[in-house]
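The values are calculated or read from the model by the stated rules, or taken from the named source; none is laboratory data. This structure is a prediction, so every number in the text was calculated from the model and none was measured. Using ideal geometry, Cβ is built from the backbone for each residue, glycine included, and neighbour counts are taken over all protein chains shown.
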Amino acid sequence: MTFLTKKHLSRRTVLRGLGVSLSLPLLDSMLPAQTPLAKPKVRLALCYIPHGAVMANWTPAAQGDKFEVSRTLMPLAPFRENVVVVSNLAHAMAAPGGPGDNGGDHTRSPAVFLNGVHPKRTDGADIRAGVTIDQIAAAQLGQETPIPSMELAIEDFSGLVGSCDVGFSCAYMNTISWRTPTTPLPMEINPRAVFHRMFGDGATAQERQDRIAQQRSILDAVTGQTRKLENELGAADRSRVAEYLDSVREVERRIELSEKQTQGTIEVPESPVGIPDAHDVHTKLMFDLMTIAFQTDLTRIATFMMAREVSYRTFPMLGIAEGFHPASHHQNNADRLENLTKINTYHVSLAAHFLERLKATQDGDGTLLDHSLLLYGSGMSNSNIHNHSPLPVFVAGGAAGRLKGGRHLMYPENTPMSNLLLSILQKSGVAIDSVGDSTGPLTEL
């Protein structure tokens, strides 16, 4: 496809104001006249859920392209043709490594999820795991973007230190992203902090607070530049910029609303200001920030810890009073299995919101969903017995033409999950031959 434009803008065109740096999405005007559209870059989103799943309700009955979405995956039905369910994968490195290494499954599961490397058993400072695929990608692909990678979460365990699970350091449980074998990366849970990382440009904390107090949007700081730019754009680009600015303002409005909800209380709130009380609001807001970051090419790599291991979050909106972790130890009781299935389905519905946003966002000659690769899964299978095979896993998106959806792929039992991690890197354009305990890429993928 070739675009003819009157004016050529840089792909890195930025609107700047006091303490504001607003990147723009890909516009027709950023493509030189009579220049073929460049091959889109793959965006990589890696989402983690703890405590496994009720696999009988997760796994589709049929294989191949004739499968029907299972009960737990029903929220993905509108995106069936964009989804590949991958069954019978195992994270052997999340299991005990030998005598004296029993227990610790809740700390090993997140530590192993994106690297396939057995973490060192220690509750001291001498932690050691493996470089995760998001950081392998960031080292090669992330250098082309202002933010090499984003690490997000919903629940904050960063204050936990020492031993969190039978001799394993809390550091293993606090993140799914490792920059080096000894450097776990912190996960950001505050949407306001993420927003300012994306759009802030040297503003001091006081300047940001003053703008919030005056109820001024960051868009106010770039109004003049925005009007000038719109006068130079064609109709299609003006529409695209307007939709993008509307989405930025809507996310900002929701962050402001959540801050107002946490202000005015006499007691110190449990969560830092800026974090919504409602779990679904918080999670969707983080997904929307990821969408905007992908849309503007601020980053192409994001990890998202949608819940923490041993989470005691309750789900009153589902009619479930029991905490997530206690509910996961269902003891094969029918009522408790039903509750855990409802929780699993709820989390999948939040991921479906992300897919919906990606699909609705134009990106060059396709959508962000066409050009993204989402991994969703857990490092645990049956949470009642803490095993690590078969894992609940699906991938979604088009990976810029490298991933065909609408399939359920069932591999031989105990196929390394690291084979999928390797395949994800290769489909993202990273030249690499192995990851963790991988034995080769999943060629059928």
Looking at Asp210, Asp237, which is the one that is at pLDDT 85 or above, charged (D, E, K, R) and part of a helix (DSSP H, G or I)? Asp237
I need a count of the residues in segment 278-307 that are among the charged types (D, E, K, R) and surrounded by 24 or more Cβ atoms within 10 Å (Cβ to Cβ). 1
Pairs returned, first residue in segment 239-250 that is closer than 15 Å to Leu15 by Cβ and in contact (Cβ under 8 Å) with a residue 60 or more places away in the chain, second residue that is part of a helix (DSSP H, G or I) and aromatic (Phe, Trp, Tyr), beta-carbon separation under 8 angstrom, 6 or more apart or interchain, are Val248/Phe199
Quick one: count up the residues across segment 69-104 that are modelled with pLDDT under 95 and farther than 21 Å from Trp178 by Cβ. 5
Residue list for segment 164-187, filter: farther than 14 Å from Val112 by Cβ, at pLDDT 95 or above and part of a strand (DSSP E or B): Arg179, Thr180, Thr183
Evaluate the following for Lys427: is it in contact (Cβ under 8 Å) with a residue 24 or more places away in the chain and more than 18 Å from Phe67 (Cβ to Cβ)? yes
Residues located in segment 354-370, provided they are touching a Phe, Trp or Tyr at 6+ places or on another chain (Cβ under 6 Å) and either in a helix (DSSP H, G or I) or polar (S, T, N, Q) (or both): Phe354, Leu355
Checking Arg253 against (1) at pLDDT 80 or above; (2) among the charged types (D, E, K, R); (3) under 17 Å from Ala193 (Cα atoms); (4) surrounded by 12 or more Cβ atoms within 10 Å (Cβ to Cβ), only one condition comes out false. Which one? (4)
Can you find a residue in segment 383-401 that is aromatic (Phe, Trp, Tyr) and under 21 Å from the mean Cα position of the chain (by Cα)? yes
If you take the residues of segment 105-152 that are within 17 Å of the chain's Cα centre (by Cα), outside any helix (DSSP H, G or I) and of a type in the set (Val, Ile, Thr), which of them is modelled with the lowest pLDDT? Ile147
Might you check whether a residue that is touching a strand residue (DSSP E or B) at 6+ places or on another chain (Cβ under 6 Å), without any contact (Cβ under 8 Å) to a residue 60 or more places away in the chain and not small (Gly, Ala, Ser) occurs anywhere in segment 305-320? no
Restricting to segment 371-404, count the residues that are of a type in the set (Ser, Thr, Tyr) and not in a strand (DSSP E or B). 4
Any pair with Cβ under 8 angstrom, 6 or more apart, that starts in segment 336-357 at a residue that is within 17 Å of Ser70 (Cβ to Cβ) and ends at one that is of a type in the set (Lys, Arg) and not in a helix (DSSP H, G or I): Thr341/Arg71; Thr345/Arg71
